[in-house]
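Beneath this line is the structure, given in structure tokens, with notes to follow.
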Amino acid sequence: MKNMIEWLKKPWPYWAGGTLLGIFNVILLGITGTPWHINTGFLTWGIGILDLIGVKAYKWEFFKIFDYTYEDIILNHNLFINKYTILNIGIIIGALIATLLSSQFKLKRLKGKKQTILALVGGIIMGYGARLTSGCNIGSFFSGIPSFSLHAWVYWIFVVLGSIAGTKILSKYLI
């Protein structure tokens with residue numbers, strides 16, 4: 001048992017992690033009929049919350065373009081008990097377990113208002129971008145590229161370009 005715990009604390013080779021993620025994605029596809037994606041869960045939560053306060057977001061043009069109906073969004077999905085929520089919670093719990101096993105878990109205090117504002121703005125931009133590209137790094141990259149989806153390849157190109165630009169901006173102005 002002690003050897004197994006020591007083995008879990010050491011970094012895994014990239015090929016091992018990638019192989020496991022691929023196997024889990026195939027199992028998920030077999031069980032649910034859809035590949036791994038995340039931000040649809042957040043979209044469902046948002047629509048459900050807006051519906052509870054009287055805003056009929058499912059009537060917005062965005063949902064007409066993608067042919068979502070009220071039944072698809074609200075009636076066929078419980079607001080918090082659906083496959084998307086379960087996947088999102090699983091990702092959070094899995095990331096926490098992996099971080100704890102590798103002894104990398106740390107709580108850090110934000111350095112100030114500037115860092116807080118930048119983190120919030122960055123998160124909003126990332127969420128908005130994920131909806132525009134029909135997926136985040138998991139839905140567009142991890143599940144899209146292996147299925148040769150054109151949007152995933154375009155996403156990958158712009159993620160690389162954005163990462164280069166973001167790194168240059170951070171290193172020049174913020175770090």
TODO: Pick out the one residue from L87, L132 that is aliphatic (A, V, I, L, M), within 20 Å of the chain's Cα centre (by Cα) and over 29 Å from P11 (Cβ atoms).
DONE: L132
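With the requirement that a residue be among the aliphatic types (A, V, I, L, M), under 17 Å from L29 (Cα atoms), surrounded by 15 or more Cβ atoms within 10 Å (Cβ to Cβ) and without any contact (Cβ under 8 Å) to a residue 24 or more places away in the chain, what does segment 128-162 give you?
Applying the first criterion (among the aliphatic types (A, V, I, L, M)) to segment 128-162 yields 130, 132, 138, 145, 150, 152, 154, 157, 159-161.
From what's left, under 17 Å from L29 (Cα atoms): 138, 145.
Adding the requirement that they be surrounded by 15 or more Cβ atoms within 10 Å (Cβ to Cβ) leaves 138.
Within segment 128-162, none qualify.
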- [ ] For segment 107-116, enumerate the residues that are farther than 12 Å from L174 by Cβ and under 23 Å from the mean Cα position of the chain (by Cα).
- [x] L107, K108, L110, T116
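Every number here is computed from the coordinates shown, using simple stated rules; none is lab data. Everything numeric in this text was worked out from a predicted model, so none of it was measured. Glycine gets a Cβ as well: all are built from the backbone with ideal geometry, and neighbour counts include every protein chain shown.
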